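Have a look at the structure below before the remarks.
Readers should treat all values here as calculations from the given coordinates under stated rules, not as data from a laboratory. All figures in this text were calculated on a predicted structure; none of them were measured in a lab. Quick reminder, even Gly has a Cβ in these numbers, built from the backbone with ideal geometry, and neighbours come from all protein chains shown.
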Amino acid sequence: MAELPAAVTEAAALLRARRTSAVELARAAIDLARRDPWNAWLAVSEAEALAQAKAADERIARGDAPPLCGVPWACKDIIGTKGVETTAGSRILDGYIPPYSATAVERLDREGAVMIGKTNLDEFAMGSSNENSAFGAVRNPWDRSRVPGGSSGGSAVAVAAGQALFSLGTDTGGSIRQPAALSGIAGMKPTYGRVSRYGVIAFASSLDQVGPFARSVRDIALVCQALFGHDPCDATTMPLPPEDLLRDLDRGVRGMRLGVPKEYFVKGIEPGVEKAVRDAIRELEGQGALIEEVSLPSTDFALGVYYLIQPAEASANLARYDGVRYGLRVEGADLLDTYRRTRGAGFGAEVKRRMILGTYALSTGYYDAYYVKAQKVRTLIKAEFESVFERVDALITPTSPTVAFRIGAKADDPLAMYLNDVFTLPANIAGLPGISIPCGLSEGLPVGLQVIAGYWQEATMLRVANAYERATAHHRLRPPQQKAA
Ligand code: GLN
């Protein structure tokens with residue numbers, strides 16, 4: 001079976017030198033996706049991929065191809081793709097074929113990137129392990145008895161297992177960064193408002209952002225370059241002038257001020273994870289960064305705030321799946337009964353739990369006590385980050401308190417599962433950009449290092465991440481079982 005090149009940059013160079021073609025890369029990726037032993041893919045869109053690849057080859061031959069032209073990628077199945085079934089990992093969207101593509105997908109189409117298919121995820125992106133998918137759990141290529149993280153587990157594994165050169169995920173509370181960490185690759189969530197959510201199935205609208213997975217920080221920057229920008233179809237995107245994210249990538253961290261929030265090194269963090277992250281901080285210090293301990297005292301409340309605001313928004317967003325407009329319909333005695341049966345059969349247990357939580361938090365009498373209070377604490381969390389970013393250029397933290405856990409280990413304990421995101425969800429609550437990159441192994445499993453920067457400071461964040469990556473070899477490690485599969 002043909003292997004793909006190791007990185008986007010490498011594929012781009014091979015394509016330009018005519019040592020491979022987009023069609024050849026697409027065929028290899030399609031073959032790898034079809035034989036996928038990790039359950040990472042929900043659909044392979046072969047005909048569409050080959051048509052895109054053919055067009056990419058023509059463009060490369062003309063000599064005016066952008067960097068992502070001809071590069072095979074994988075799309076989380078919560079992002080709408082014209083003519084290609086989009087399920088959000090749920091039975092309730094069975095057979096739903098979007099009439100248009102999300103803006104993020106259109107932007108990649110415009111670059112000539114080649115979408116190979118759609119990847120598995122927790123239903124409606126609700127989860128941290130990919131076990132909540134209606135189409136089965138995704139396995140971690142580092143150890144198939146373990147989860148790859150979630151909710152964008154399929155997109156993380158497609159890249160970690162070398163089936164695609166980059167992928168898109170969505171991150172509402174950590175769903176790009178946490179699976180990137182647990183699968184040993186890079187994954188980043190942009191500032192809220194950087195990337196259009198138009199055409200992305202809504203989970204919690206004030207928290208959701210689309211972002212890339214890849215094997216290097218440079219690849220992440222290349223994909224961001226295509227994704228970022230104002231979209232008239234999404235009023236929450238910011239009309240900022242285009243920025244060159246590659247320009248300062250190699251400038252290093254000498255003289256930069258990096259904050260280490262003490263609240264991120266507390267209870268529950270595995271010793272092997274803490275050690276890898278502390279070593280990474282020392283590496284950055286060795287490169288001339290000024291390391292400073294900082295405090296974000298409201299960190300402890302982030303989980304509580306998230307589990308009020310996110311289910312509240314989800315309960316409103318998911319009201320539209322009623323058996324009339326999209327996907328599944330289970331006929332009942334009357335309209336109300338049809339709604340009831342459709343939603344009862346179509347949604348999984350975790351999605352129902354979130355809608356019940358959210359409806360409760362929004363109901364009369366509880367709205368002020370829970371929802372409004374959560375919004376106030378959200379403002380506090382945001383203000384704390386803002387004041388810290390007056391002093392430091394970026395924050396360095398672990399991405400997840402643990403390495404990949406065993407499938408089933410937390411499935412019956414939603415609170416233990418929710419705790420997985422303690423270090424990622426504050427950035428969503430505040431709307432800040434964050435990236436996770438590999439920083440070593442603990443017990444043979446990947447550990448993620450998180451870099452969080454101020455609003456719209458993705459260039460700074462990527463520069464810090466790249467400085468670390470250049471000095472270390474962790475991002476080159478490959479899952480040991482990949483060969484055997
Ligand atoms: N694990 C978190 C949740 O279950 C975050 C999910 C996400 O970012 N989509 O809500």
> Once Lys and Arg get +1 and Asp and Glu get -1 on their Cβ, which of N140, P297, V403 lies farthest toward the positive end of the dipole of the chain?
Replying inline: N140
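What is the local net charge at V200, summed over the other residues whose Cβ is closer than 10 Å to its Cβ (Lys, Arg +1; Asp, Glu -1)?
Values: positive: K76, R197; negative: D208, D234.
Net of charged neighbours comes to 0.
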> Once the dipole of the stretch 172-263 is set up with Lys and Arg at +1 and Asp and Glu at -1 on Cβ about the Cα centre, which of G187, A204, L227 lies farthest towards its positive end?
Replying inline: G187
> Between L240 and R16, how many nm apart are label points set 7 Å from Cα along the C-beta direction?
Replying inline: 2.6 nm
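Highest mean first, what order results for 6-12, 256-262, 218-224 on Cβ atoms within 10 Å? Each step should come with its number before you reach the end.
Numbers: 6-12: 20.1, 256-262: 18.4, 218-224: 25.9.
Going from most to least packed, we get 218-224, 6-12, 256-262.
Applying a 10 Å radius around every beta-carbon, put 135-141, 183-189 in order of their mean neighbour count, most first.
Numbers: 135-141: 24.3, 183-189: 31.4.
With the highest mean Cβ count within 10 Å placed first, the list reads 183-189, 135-141.
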> When only Cα pairs under 8 Å and 6 or more residues apart are kept, what is the percent relative contact order across the stretch 293-398?
Replying inline: 39 percent
>> My understanding is that a pair violates if its Cα-Cα distance is over 27 Å; which of K189/K275; K352/K382; K189/K267; K82/K189; K76/K352 do that in this structure?
In response: K352/K382
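In nm, what is the difference between 0.36 nm times the number of residues separating F301 and R340 and their Cα-Cα distance? All intermediate terms of the calculation are to be shown ahead of the outcome.
Numbers: separation 39, 0.36 × 39 = 14.04 nm, distance 3.48 nm.
Contour length minus Cα-Cα distance gives 10.6 nm.
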> In nm, to one decimal, how far is the K262 label point from the I97 one, both placed 7 Å along Cα→Cβ?
Replying inline: 5.9 nm
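Do you know the relative contact order of the chain, to the nearest whole percent, from alpha carbon pairs under 8 angstrom that are 6+ apart? Mind dumping the intermediate values first?
Numbers: 1183 pairs, mean separation 86.1, N = 485.
So the answer I get is 18 percent.
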> What order, most packed first, do the peptides 325-333, 232-240, 191-199 have when packing is the mean number of other Cβ atoms within 10 Å of each residue?
Replying inline: 191-199, 325-333, 232-240
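Stokes-Einstein at 10 °C, 1.306 mPa s, Kirkwood radius from Cα pairs: D for the stretch 263-386 in µm² s⁻¹?
Working: Rh = 18.2 Å.
After rounding, the answer is 87 µm²/s.
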> When the scattering of the stretch 239-297 is computed by the Debye formula from its Cα atoms alone, each counted once and equally, what is log10 I(q)/I(0) at q = 0.19, 0.26, 0.27 Å⁻¹?
Replying inline: -0.83, -1.06, -1.09
> Could you state the number of Å between the C-alpha centres of the stretch 28-99 and the stretch 179-221?
Replying inline: 17 Å
> What percent do you get for the relative contact order of the stretch 151-222 when only Cα pairs under 8 Å and 6+ apart count?
Replying inline: 37 percent
> Given only helices, namely DSSP H runs of n ≥ 4 each adding -39500 (n - 2.57), what is the per-residue ellipticity at 222 nm of the chain, to the nearest 500 deg cm²/dmol?
Replying inline: -11000 deg cm²/dmol
> By what distance, in whole Å, do the Cα atoms of the stretch 333-485 stretch along each of the three principal axes, largest value first?
Replying inline: 64, 49, 24
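Would you kindly work out the equivalent ellipsoid of the chain from its C-alpha gyration tensor and give its semi-axes, the square roots of five times the eigenvalues, largest first in whole Å?
Numbers: eigenvalues 186, 172, 87 Å².
Taking √(5λ) for each eigenvalue gives 30, 29, 21 Å, largest first.
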